[in-house]
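What follows is calculated from the coordinates using simple rules that are stated; it is not laboratory data. Note that the structure is a prediction, hence the values are computed from the model and not measured. So basically every Cβ, Gly included, is an ideal-geometry build from the backbone, and we count neighbours across all protein chains shown.
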Amino acid sequence: MIMPGKTPASHRWTEATSSDEPAIIALMRDFYEEDKITFRPDAVGEGVRALLANPAAGRLFLLRRAAAAAGREDAATEPPLGHLALTFCFSMEFHGRFVLLDELYIAPPARGAGLANDALRFAADWARSQGARAIRLEVNAHNARARSLYTKHGFTDDRRDLFTRWLV
């Protein structure tokens, strides 16, 4: 499914399907390495499969060249250039349903063309279309470039720390 947006004509965000799992995991491996996040292939694969199987939890989108997104045979085998994971949450503070921008990754060869800017516009449009009241995300304190990008798109630093307690 191709979602509307302001993506440059040369690229498209497409909703991922189960056949995209290997490509998603490859992108996540690169992203986690770059952002210094522990990558556990089995756990990541389990999460990807769970999200793909449960649209009520959110969606995964892949960034593809327009020719590949349109299914043009000569481009159909090209790997995607990035991924976007958007998941649903609920909060009293945020007046109900909101979207967590869980992951945004643009592969290095595709950077510098405004595709991360487009991803944030796409995410906002999609979240709005799903009835979300807000989009939240987390960003590492050391990632000044990402922090600047998010601020430029209207995200604000809540000045809170995120805590995690693993249950399994």
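Worth a mention:
- Annotation: amide H-H contacts under 5 Å for R97 (H modelled 1.01 Å from N, sequence separation of 5 or more, or interchain): S91, R133.
- The C-alpha atoms of the stretch 11-152 occupy a region whose extents along the principal axes are 48, 33, 30 Å, arranged from largest to smallest.
- Relative exposure of F94, F61, judged by other C-beta atoms within 10 Å (fewest first): F94, F61
- S10 versus R128: modelled label distance in nm, points set 7 Å from Cα along the beta carbon direction: 2.7
- As a proxy for reagent exposure, ranking V139, V99 by other Cβ atoms within 10 Å from fewest up yields V139, V99.
- Order of E33, E21 under a 10 Å beta carbon neighbour criterion, fewest first: E33, E21
- Note on R65 and V168: the extension gain reaches 33.2 nm, defined as 0.36 nm multiplied by sequence separation minus the Cα-Cα distance.
- Peptides 35-47, 102-114 ranked from most to least packed by the mean count of surrounding Cβ atoms within 10 Å: 102-114, 35-47.
- Computed extension length for R145-R49: 31.5 nm, one decimal, from 0.36 nm per residue of separation with the Cα-Cα distance subtracted.
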